[in-house]
Amino acid sequence: MTNDKTKGKNRFSVILSLRYLRVLSYFGSVALSFMWWHITLRSLGLRRLSRIGAENRYRRYAIRFRRLATRLGGIWIKVGQFLSARVDVLPESITNELAGLQDEVKPEKFEELLGVVRDEFENLEEKFIWFNETPLASASLGQVHHAKLPDDTQVVVKIQRPDIHELIQIDLAALNVVMGWLKRFKPVSKRVDLDALFSEFSRTLWEEVDYLAEAENARRFKAMFAENPSIRIPDVYDSHSSRRVLTLEDVYHIKITDYSLIEDAGIDRAEVADRLFETYLRQIFEEGFFHADPHPGNLFVEPMEDGCWRLIFVDFGMVGHLASEVKQGMRDLAIAVATRNTDLLVGAYQTLGMILPGANLERIREAEAAVMERFWGKSMRELTSIDPREMHRFAREYRDLLYELPFQVPADLLFLGRCVAILSGMCTGLNPDFNLFEGLMPFAESILMDEEEDWAKIILDWLKEQAQFLVALPKRIDNLLLSLERGELTIRTKPGPEITQRLDRIVRGVNRIAAALIFVAFLGTGAWFYQSGEEVLGIGLLGLSIITLWWVVKK
């Protein structure tokens with residue numbers, strides 16, 4: 001028996017080694033091909049020749065990777081999904097080819113998965129009385145099956161694929177080697193911190209195979225939307241969950257991309273798109289904690305009575321966390337887009353670390369202003385139907401920026417970028433006339449209102465500080481004069497009436513400056529409160545500003 005186990009481990013080690021070599025072989029061949037066509041030929045002055053058939057080459061790279069990822073599974077499905085969302089840096093021929101990778105994951109044999117469940121629970125029959133062997137969903141790291149508890153409650157059970165931890169380790173080792181190759185290619189290493197990217201990807205991946213962490217994420221989302229009856233998050237069965245097995249309430253309904261079923265249920269697809277978008281706005285801009293994997297298999301629509309319906313989220317293994325400064329940068333970004341403020345937009349880019357050092361900020365402002373002038377306010381249908389010649393004219397006008405590409409994507413925004421790209425595609429699929437700007441406007445207005453309230457508090461706090469200072473100021477001046485009269489203060493000038501007159505003038509000047517500051521504060525806050533509907537308080541503060549101004553002029 002021991003020999004069989006040893007042979008099994010040795011065989012598995014050989015499989016892992018072959019897997020490692022196969023991955024490096026693929027990426028090595030792509031790297032050599034890329035170097036020949038895009039570096040060697042261009043260095044020889046054959047730039048035009050290097051462009052011939054480029055799109056077909058890119059497509060072949062993607063097709064080969066798609067086959068590799070489908071056959072190997074593991075993290076390569078995740079890598080492919082990530083690359084498919086990088087429409088900002090990868091050719092369309094690559095992103096389109098990789099777009100459907102999630103639907104091609106081969107299911108694991110149920111007997112193998114059941115072995116994982118048995119390893120986690122000593123008395124399996126006391127936990128589950130039935131399993132549907134046909135998977136409800138098959139993902140790269142785990143698989144979902146319907147099951148029943150002893151009280152006949154139907155649940156869904158997410159089970160990790162066998163040996164997934166060993167596969168992740170060998171795949172990450174191979175990916176780390178590939179990252180080392182990419183570091184030598186300046187156009188990539190200049191714009192992406194590859195070490196940070198690898199670290200972020202690894203961290204997220206290991207979190208995904210910790211189902212206890214996923215259970216905690218589900219509970220956090222449930223608390224987040226506890227007061228929102230239009231959003232449903234499944235309950236977690238803690239007694240039937242572990243690091244490798246997660247049991248959840250069965251909330252599966254109409255898949256969000258089953259458009260015909262949504263319409264048959266009497267639900268407006270445009271409303272689904274709007275609710276999905278609004279939900280993510282709250283997650284990203286208010287909470288700084290978002291569901292980072294919004295693919296169609298993780299979102300459902302649940303019809304209810306009286307024509308109502310709920311939006312359902314499942315699978316909380318991949319979530320995003322935004323630091324406070326990143327969240328503020330995102331809020332500035334939303335306000336900038338909604339108000340067409342290019343200065344605020346470029347400032348938001350800088351806050352988020354998206355602009356490379358030394359970039360021409362004025363040129364970026366010009367380009368952003370041109371983008372807003374030409375494309376702002378258009379629906380997705382209108383944007384996709386723009387005449388290609390107009391896009392070519394825009395590319396020619398700003399070819400210097402397109403050539404230099406002064407942008408980078410920080411590691412902590414990579415998964416947010418992927419999430420937004422998928423979300424945009426889903427909203428457009430639900431409603432071809434979906435308008436990002438119309439959806440963003442009311443949210444940006446609410447952010448502005450919140451920030452105005454914050455500014456009011458800041459102003460009032462400042463007024464309080466100034467009042468405390470001014471109340472203490474006369475006493476301080478009296479003490480200063482008293483010390484001077486007693487000879488307790490040393491001054492490098494001759495004592496006499498002249499120094500006293502000078503101090504009197506200083507006191508009067510300080511008082512006038514203080515009064516002027518109070519006038520400006522009363523005037524600004526009074527106007528703000530009046531415009532906000534607090535007319536009595538506003539008029540009172542404006543009256544105080546007039547009294548203060550009269551005192552300043554009189555003095």
Open item on the list: Only counting other Cβ atoms within 10 Å, I'd like Leu194, Leu344 sorted with the fewest neighbours first.
Closed with: Leu344, Leu194
Task: Neighbour-count ranking [beta-carbon atoms within 10 angstrom, fewest first] of Lys183, Lys78 - done: Lys183, Lys78
Task: Other-chain or far-sequence residues with amide H under 5 Å of Leu356's (modelled H) - done: Phe407, Gln408
TODO: Would you please calculate the Kirkwood hydrodynamic radius of the range 329-447 over all C-alpha pairs and express it in Å, rounded to one decimal?
DONE: 15.5
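Summarise the long-distance tail of P(r) for the range 138-244 by giving the % of C-alpha pairs beyond 21 Å. The partial results should precede the final answer.
Working: 3088 of 5671 pairs.
Roughly 54 percent, rounded to a whole number.
Write out the GluC sites (Glu not before Pro) in the range 113-147 meeting two conditions: DSSP loop, and at most 10 other Cβ atoms within 10 Å of their Cβ. Walk me through the numbers before you get to the answer.
Values: sites: Glu120, Glu122, Glu125, Glu126, Glu133; in loops: Glu122, Glu133.
Those satisfying the criteria are Glu122.
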Task: Nearest-0.05 FRET efficiency for Trp206 and Leu32, computed from C-beta distance (R0 25 Å) - done: 0.20
Open item on the list: For Ala137, what residues show an amide H to amide H distance below 5 Å, using hydrogens built from the backbone and excluding near sequence neighbours?
Closed with: Val144
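In which sequence would Trp309, Trp206, Trp130 go, from the one with the fewest C-beta neighbours within 10 Å to the one with the most? Don't skip to the end; give the middle numbers.
Details: Trp309 21, Trp206 14, Trp130 11.
Listing Trp309, Trp206, Trp130 from fewest to most nearby Cβ atoms yields Trp130, Trp206, Trp309.
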TODO: Could you go through the range 38-47 in sequence order and give the Karplus-derived ³J(HN,Hα) for each residue, using 6.51 cos²θ - 1.76 cosθ + 1.60 with θ = phi - 60°, rounded to whole Hz, and x for Gly and Pro?
DONE: 10, 10, 5, 4, 5, 5, 8, x, 9, 4
- [ ] Would you kindly derive the ³J(HN,Hα) couplings of the range 19-35 from the backbone phi angles with the Karplus curve 6.51 cos²θ - 1.76 cosθ + 1.60 (θ = phi - 60°), listing them in order in whole Hz, with x for Gly and Pro?
- [x] 4, 4, 5, 5, 5, 5, 4, 4, 5, x, 5, 5, 4, 5, 4, 5, 4
TODO: With label points built 7 Å along Cα→Cβ from the Cα atoms of Phe375 and Val177, find their separation and express it in nm.
DONE: 3.9
- [ ] Find the eigenvalues of the gyration tensor of the Cα atoms of the range 196-235, then list the square roots of 5 times those eigenvalues as equivalent ellipsoid semi-axes, largest first, in whole angstrom.
- [x] 27, 11, 6
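Values quoted throughout were computed directly from the atomic coordinates according to the rules given, and no laboratory measurement underlies them. Just so we're clear, the structure is a prediction, and the values are computed from it rather than from any experiment. Backbone-built Cβ (ideal geometry, glycine too); neighbour counts: all protein chains shown.
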